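Here is the structure we will look at, set down as structure tokens.
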Amino acid sequence: MNRFIRNAILFLIIISVLTACTGQSGSSKTPTRTVFAMDTVMNISAETDEATLDEVTGLIRSIEARLSTTADGSDIAQLNSAAPDTHVSPWTSEAVREALSLCERTGGALDISIYPVVKAWGFTTDAHRVPGEGELQGLLENVDYSRISQAEDLISLPAGMQIDLGSIAKGYTGDRVIELLRSHDVRSAVIDLGGNIQTIGTKPDGSEWHIAIANPLMPDSYIGYVKVTDAAVITSGTYQRFFEQDGVVYHHIIDPATGCPARSGLTSVTVVGLSGTTCDALSTALFVMGPDRAAAFYRESDDFEAVFVKDDGTVTITEGLTDIYVSMTGITPDVIRR
Ligand code: AMP
Ligand code: MG
């Protein structure tokens, strides 16, 4: 399915579920802004004025102009165009620094230098194809985030390497938007950056936000929701971007160890935490790790909770969600304890 149509449908689903779950209605006075950026539909709803929402829109566009892989003159496009050393904007510098630290923390399950492999599968252009084994092995020779060096705003990529912040860009942008809204003393907001949800405070009526989690195996339905106040709720799933060839489904989350879509036993991972950047990075990385490695990773971490949906549809949640996750399937999920 065309990616734009799919994003638009996803947006409508999220809006309808947010409306259902948050109790907002069309007559709500909360100012809301819709922005098309980063290849997706974004929706910002905040107890603030239109001028602040103009600022938010400008901020999203400015970050996109720096982090995009395709926009002419973006920091990332410049880095990828074989410029050996590139001075980048403060946003790119900060986003790359955070991304590299998360690549390291996840043992390379997240690897921002996977970009040439993502391109080879056609996910950047929608010209989908299945690359040959030899082609993938050749491309993987240049996939290794640990060979990227960064000194302040100066980033150096080894020859042949290209990077893509697609796995964290929306979470990073969400953090900056939340920061901006807080600087305007906003106490209640929900931002939906293409399905990445981040919130400030409570709903205007003082109750918690209810953020629904899509059922990855059944379009237009939900496995449950989490009740949160200040939080990021970010999902990576096979249903978000994929194509089918000869009866096989290929999705967009690549295992850097193989160069192929990760077949880890998971079909979606939702990460809940304070930092959008961390949750975005970890949703991608935990998906690549699969259930067992992800559970071990959770036990050695203290900055996130997660909801895992396996290929067979079974749902597992981490311990910290037991009181805030509400199942909508009628089945109580298994719990991963620390
Ligand atoms: P997300 O939707 O946040 O899980 O990010 C997936 C996007 O990040 C893909 O569309 C690719 O552009 C890129 N990507 C895919 N696999 C990886 C990976 N293992 N590490 C880093 N980025 C990846
Ligand atoms: Mg991600």
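Throughout, read-outs are computed from the coordinates displayed, never taken from laboratory work. Because the structure is a prediction, the values reported are computed rather than measured. No Cβ is skipped: glycine too gets one built from the backbone with ideal geometry, and neighbour counts run over all protein chains shown.
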Cα Rg, Dmax (largest Cα-Cα span) when computed across the chain, Å: 19.2, 58
Shape of segment 115-270, Cα gyration tensor, a/c cut at 1.5: oblate
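In square nanometres and to one decimal, what's the mean projected area of the convex hull around the Cα atoms of segment 133-222? Numbers along the way, then the final one.
On the way: hull surface 40.5 nm².
With the hull built on Cα positions only, its mean projection is 10.1 nm².
Taking neighbour counts of Cβ atoms within 10 Å as a proxy for exposure, in what order, fewest first, do Asp205, Asp280 appear? Mind showing how you got there, number by number?
Numbers: Asp205 9, Asp280 33.
Starting with the residue having the fewest Cβ neighbours, the order is Asp205, Asp280.
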Choice from Val269, Val186, Val96 with maximal GNM fluctuation in the chain (Cα, 10 Å cutoff): Val186
Sequence of Thr202, Thr235 once ranked by neighbouring C-beta atoms within 10 Å, starting from the fewest: Thr202, Thr235
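Just subtract the alpha-carbon distance of Arg299 and Asp230 from 0.36 nm times their residue separation and send over the number in nm, one decimal.
Numbers: separation 69, 0.36 × 69 = 24.84 nm, distance 2.27 nm.
Between Arg299 and Asp230, full extension yields 22.6 nm more.
Treating only the Cβ atoms of Lys and Arg (+1) and Asp and Glu (-1) as charged, compute the dipole magnitude of segment 101-166 about its Cα centre; round to the nearest 20 debye. Walk me through the numbers before you get to the answer.
Working: 4 positive and 10 negative charges, 21 e Å.
Dipole magnitude for segment 101-166 comes out near 100 debye.
Contour minus end-to-end for Glu179 and Ala51, with contour as 0.36 nm per residue of separation and end-to-end as the Cα-Cα distance? Provide the component values of the computation, followed by the final result.
Details: separation 128, 0.36 × 128 = 46.08 nm, distance 1.59 nm.
That works out to 44.5 nm of additional length.
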Part-to-part distance (alpha-carbon centres) for segment 119-169 and segment 60-106, which is given in Å: 13
Where GluC sites (Glu not before Pro) fall in DSSP loop in segment 75-177, at most 11 other Cβ within 10 Å: Glu141, Glu152
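How big is the antiparallel share of DSSP beta bridges in the chain, given as a percent to the nearest 5?
95
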Inter-centroid distance (Cα atoms) of segment 199-232 relative to segment 255-323, Å: 18
Value of [θ]222 nm, deg cm²/dmol, for the chain, DSSP H segments ≥ 4, -39500 (n - 2.57) each, nearest 500: -11000 deg cm²/dmol
Burial ordering of Trp209, Trp121, fewest other beta-carbon atoms within 10 Å first: Trp121, Trp209
Inter-label distance for Ala71 and Thr322, nm, one decimal - labels placed 7 Å from Cα along Cα-to-Cβ: 4.5
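What's the extension gain from Asp311 to Val248 if we count 0.36 nm per residue and subtract their Cα-Cα distance? Spell out each step's value before the answer.
Working: separation 63, 0.36 × 63 = 22.68 nm, distance 1.44 nm.
Net length gain for the segment: 21.2 nm.
Is any helix in the chain, taking whole DSSP H runs, at least 20 angstrom long along its axis by alpha carbon and on average at least 1.0 on the Kyte-Doolittle scale, and which ones?
Working: long enough: 3-22 (27 Å, 1.75); 50-67 (26 Å, 0.14); 90-105 (22 Å, -0.40); 169-183 (21 Å, -0.36); 276-299 (23 Å, 0.34).
Span-like helices here: 3-22.
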